[in-house]
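The values are calculated or read from the model by the stated rules, or taken from the named source; none is laboratory data. All values derive from a computational prediction rather than experimental measurement. Cβ coordinates were reconstructed from backbone atoms using ideal geometry, including for glycine residues, and neighbour counts include every protein chain displayed.
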């Protein structure tokens, strides 16, 4: 009687969590990864699967996943066979680098070719064909004879390795491969693997990839389309309706962000003994003084912009631009709690009604951050395997919500007669462009402050990136809803949205440029090393 083989991709790691390629580098399981391994064991127990031996790679993440799963399924004493033949692919210079920045640096098509084509491979990395051949050899020489002898085997290894097994079982060629987005820690038989890869949609995967890849450009384009739509249609959008739409779309975005965030990291973020709070105290003090001293309506609402916490999307920007992620989470969640308290203190010294600011403030905070984060984290805790799979396949919907919000925000705050301002009313036209210059100056100051704050901490690049992101991307949607119920400030809000979206686009261009310089230096170092080795061999 023939046996069977089940495969498990290791649980989520810090590399998966923070969006960089690990390959043959040893990285630990994340908090979610350990939960996923435990759920994998529960699935094995529920299905009544019994194994004679377990095969893992020589990397810690597979061994820990196997230990947790087998302990949970009450099979922890079965023989372990550790094999480097099922180690993850060596990604060469791609290893330990942010996936999104790699795509931006090499271009989407070239990145896909180097990572997923049998014809190309990353510099100093393993070819796709070599990886496939070692998996093919391991299956036919090691695993298949054991299965034919009646043994049931569990193989715990890596994404690309298991996907090579799936190609073999499905009888597909290497040319048929695309990124199947294999879920972490889900026990799958040979039949399950074949069904899974055949059900995956290459088109949907490419749509999601391109939306994320071009997100900054699309968001900026959506803003300018909002201007054209308002000039063409001209129908106003009620402030209360805009508040509801903002909450809904931000809530969708926050849900997908929170679905990928470390639960304990969110809990630990509410710690007032954080070194980065010193920088925010300075910022709040400066903004508070301006808010109290400047009686001009325009100046006061711009000063309030400095009192806003980081945008809810800051952790996403951290993932996309190579930040540390954890620091962005801590900044966003802690300061979202502290900002209303800070603003409350300043409002005591002004004549502004609490209801004008705080009804929209708490509405946005509650429905756009607290509720979706709670729901996402609850799902993540209860269903760790499925939640991660769902987030991987559908996170592009969160990007779509921000794109749509960009369009609607600019539409809402664009003056109806924007293209006729300079011809119909010279006074209004002068005010319109004057306020635009003021807003641009304010955002240049925000960027300068963010840059100064980032270099002042003297930390590694990922941390300086997070500090810069959090200081340079205030929660503009929260701010606009707070002040939109006041009069005579639509020009200011319009220009602020334009500066905000353009700023994100320019920031991305800068981060990609900085990453390119790093990659060029790596390539130069590799070529120099190869030249030295070649010269040394020749001399011998």
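Of 31, 17, all but one fail to be on the phi < 0 side of the Ramachandran plot, surrounded by 20 or more Cβ atoms within 10 Å (Cβ to Cβ) and modelled with pLDDT under 95; the exception is 17.
If the requirement is being within 16 Å of residue 331 (Cα to Cα), surrounded by fewer than 17 Cβ atoms within 10 Å (Cβ to Cβ) and in contact with a helix residue (DSSP H, G or I) (Cβ under 7 Å, 6 or more places away or on another chain), which of these qualifies: 467, 457?
After ruling out the rest, the residue left standing is 457.
For residue 218, the criteria (1) at pLDDT 95 or above; (2) exposed (fewer than 15 other Cβ atoms within 10 Å of the Cβ); (3) closer than 24 Å to residue 322 by Cβ hold in every case but one, which is (2).
Just one of the listed residues (81, 64) is within 16 Å of residue 155 (Cβ to Cβ) and outside any helix (DSSP H, G or I), and it is 81. Exactly one residue out of 404, 431 is assigned by TED's automatic domain parsing to the domain that holds residue 318, surrounded by 15 or more Cβ atoms within 10 Å (Cβ to Cβ), in contact (Cβ under 8 Å) with a residue 12 or more places away in the chain and under 21 Å from residue 305 (Cα atoms): that is 431.
Checked across the range 523-536, the condition of being surrounded by 13 or more Cβ atoms within 10 Å (Cβ to Cβ), assigned to a helix (DSSP H, G or I) and at pLDDT 90 or above holds for no residue.
Is it the case that the range 190-202 has a residue that's in contact (Cβ under 8 Å) with a residue 24 or more places away in the chain and farther than 30 Å from residue 153 by Cβ? Looking through the range 190-202, at least one residue is in contact (Cβ under 8 Å) with a residue 24 or more places away in the chain and farther than 30 Å from residue 153 by Cβ. Just one of (1) out of contact with any strand residue (DSSP E or B) (no Cβ under 6 Å at 6 or more places or on another chain); (2) within 28 Å of residue 209 (Cα to Cα); (3) in contact (Cβ under 8 Å) with a residue 40 or more places away in the chain; (4) not in a helix (DSSP H, G or I) fails for residue 16. It is (4). All conditions but one from (1) within 28 Å of the chain's Cα centre (by Cα); (2) closer than 21 Å to residue 194 by Cβ; (3) not in a loop (DSSP other than H, G, I, E, B) apply to residue 111; the one that does not is (2). Before we move on, is residue 258 assigned by TED's automatic domain parsing to the domain that holds residue 341, assigned to a helix (DSSP H, G or I) and within 30 Å of residue 395 (Cβ to Cβ)? Answer is yes for this residue.
Of all positions in the range 149-165, none carries a residue that is in the same structural domain as residue 83 (by TED's automatic domain parsing), part of a helix (DSSP H, G or I) and farther than 28 Å from residue 14 by Cβ.
Tell me, yes or no, whether the range 163-172 has at least one residue that is more than 25 Å from the chain's Cα centre (by Cα) and within 20 Å of residue 24 (Cα to Cα). Within the range 163-172, one or more residues are more than 25 Å from the chain's Cα centre (by Cα) and within 20 Å of residue 24 (Cα to Cα).
Residues of the range 93-108 that are out of contact with any strand residue (DSSP E or B) (no Cβ under 7 Å at 6 or more places or on another chain), in a helix (DSSP H, G or I) and touching a residue at least 40 places away in the same chain (Cβ under 8 Å): 93, 94, 100, 101, 102, 103, 104, 105, 108. Whenever a residue of the range 294-305 is assigned to a loop (DSSP other than H, G, I, E, B), its partners that are buried (at least 21 other Cβ atoms within 10 Å of the Cβ), lying with C-beta atoms within less than 7 angstrom and at least six residues away or across chains, give the pairs 294/303.
The requirement of being surrounded by 15 or more Cβ atoms within 10 Å (Cβ to Cβ) and either under 30 Å from residue 2 (Cβ atoms) or modelled with pLDDT under 90 (or both) is fulfilled somewhere in the range 88-101, by at least one residue. Here's a check for you: in the range 41-63, which residue that is under 21 Å from residue 27 (Cα atoms) and in contact with a helix residue (DSSP H, G or I) (Cβ under 7 Å, 6 or more places away or on another chain) is surrounded by the fewest Cβ atoms within 10 Å (Cβ to Cβ)? The residue in question is 58. Restricting the first member to the range 339-350 and to residues that are without any contact (Cβ under 8 Å) to a residue 12 or more places away in the chain and at negative phi, and the second to residues that are surrounded by fewer than 17 Cβ atoms within 10 Å (Cβ to Cβ) and assigned to a helix (DSSP H, G or I), the beta-carbon pairs closer than 7 Å and six or more apart or on different chains are 347/354. Looking at (1) touching a residue at least 40 places away in the same chain (Cβ under 8 Å); (2) farther than 24 Å from residue 500 by Cβ; (3) in contact with a helix residue (DSSP H, G or I) (Cβ under 9 Å, 6 or more places away or on another chain), which is the one condition that is false for residue 149? Only one criterion in (1) touching a residue at least 40 places away in the same chain (Cβ under 8 Å); (2) farther than 24 Å from residue 500 by Cβ; (3) in contact with a helix residue (DSSP H, G or I) (Cβ under 9 Å, 6 or more places away or on another chain) is unmet by residue 149, namely (3).
Considering 235, 204, the condition of being surrounded by fewer than 20 Cβ atoms within 10 Å (Cβ to Cβ) and not in a helix (DSSP H, G or I) is satisfied by 235 alone. Within the range 177-201, the residues that satisfy the criterion of being surrounded by fewer than 22 Cβ atoms within 10 Å (Cβ to Cβ), part of a helix (DSSP H, G or I) and under 28 Å from the mean Cα position of the chain (by Cα) are 196, 197, 198, 199.
Would you call residue 82 within 25 Å of residue 65 (Cα to Cα), without any contact (Cβ under 8 Å) to a residue 40 or more places away in the chain and in contact with a strand residue (DSSP E or B) (Cβ under 7 Å, 6 or more places away or on another chain)? Judged against the criteria, residue 82 is a match. Per the conditions (1) within 30 Å of residue 375 (Cβ to Cβ); (2) crowded, with 16+ Cβ neighbours inside 10 Å, the sole criterion not satisfied by residue 273 is (2).
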